[in-house]
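The structure appears right after this line, and notes come after that.
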Amino acid sequence: MADLLHVRINSPGELLWEGDAQWVSSENTQGPFDILPFHANFVSIIENKAIKIKTAEKTLQYDFPHSVIYAHTNKVFIYTNI
C-alpha cells in the first residue's frame, strides 16, 4: 500500500470531510504548491483558490474564500470559514 496523507477539513463547529489522500494541492500568494506524503511541516493561508485532494477514487475540489492549511507528519488539516 502506498503512503498516504490523512486529511481533515474543518469549518467552525463542523467536520466537512476526512479521509486519506495521495496529495493535496492549492495556491497561495507565492504560487501553486503540492503536499505529498512525508512533506515538510507547512502552514499556508489560502484566499479564493481551489484546494484539490486526490483520493484513490477521485479528485475532490473545495473552494473557500479563506482557509488555512497545516501539514505535519503525514496529516493535513484545512481550517475554513474562520
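Scan the stretch 18-49 residue by residue and report those that are touching a Phe, Trp or Tyr at 6+ places or on another chain (Cβ under 7 Å) and among the aliphatic types (A, V, I, L, M).
I35, L36, V43
Name every residue in the stretch 18-44 that is within 15 Å of V68 (Cα to Cα) and in contact with a strand residue (DSSP E or B) (Cβ under 6 Å, 6 or more places away or on another chain), in order of residue number.
V24, S25, S26, N28, D34, I35, N41, F42, V43, S44
State which residue is surrounded by the most Cβ atoms within 10 Å (Cβ to Cβ) when the search covers only the stretch 20-58 and only residues that are of a type in the set (G, A, S) and farther than 17 Å from T80 by Cβ.
The first filter runs over the stretch 20-58 and keeps only residues of a type in the set (G, A, S), leaving 21, 25-26, 31, 40, 44, 50, 56.
Within this subset, residues satisfying the condition of being farther than 17 Å from T80 by Cβ are 31, 40, 56.
Details: G31: 6, A40: 7, A56: 11.
Within the stretch 20-58, the match that is surrounded by the most Cβ atoms within 10 Å (Cβ to Cβ) is A56.
Restricted to the stretch 61-82, and to residues that are crowded, with 17+ Cβ neighbours inside 10 Å and of a type outside the set (F, W, Y), which residue is nearest to S11 (Cα to Cα)?
This residue is T80.
Condition first: over 11 Å from the mean Cα position of the chain (by Cα) and aliphatic (A, V, I, L, M). Now tell me which residues in the stretch 4-39 satisfy that.
Of everything in the stretch 4-39, those that are over 11 Å from the mean Cα position of the chain (by Cα) and aliphatic (A, V, I, L, M) turn out to be L4, L15, L16.
Quick check, is K58 of a type in the set (D, E, K, R), in contact with a Ser or Thr (Cβ under 6 Å, 6 or more places away or on another chain) and modelled with pLDDT of 95 or more? Let's see the steps before the verdict.
Details: of a type in the set (D, E, K, R): yes; in contact with a Ser or Thr (Cβ under 6 Å, 6 or more places away or on another chain): no; modelled with pLDDT of 95 or more: yes.
So K58 fails the test.
Could you please tell me which pairs satisfy a Cβ distance under 6 Å, a separation of 6+ or placement on different chains, a first residue in the stretch 54-74 that is of a type in the set (D, E), and a second residue that is surrounded by 11 or more Cβ atoms within 10 Å (Cβ to Cβ)?
D63/A50
The values are calculated or read from the model by the stated rules, or taken from the named source; none is laboratory data. The structure presented is a predicted model; accordingly, all values stated were derived computationally and were not measured. For neighbour counting, all protein chains shown are included, and Cβ atoms are generated from backbone atoms with ideal geometry for every residue, glycine included.
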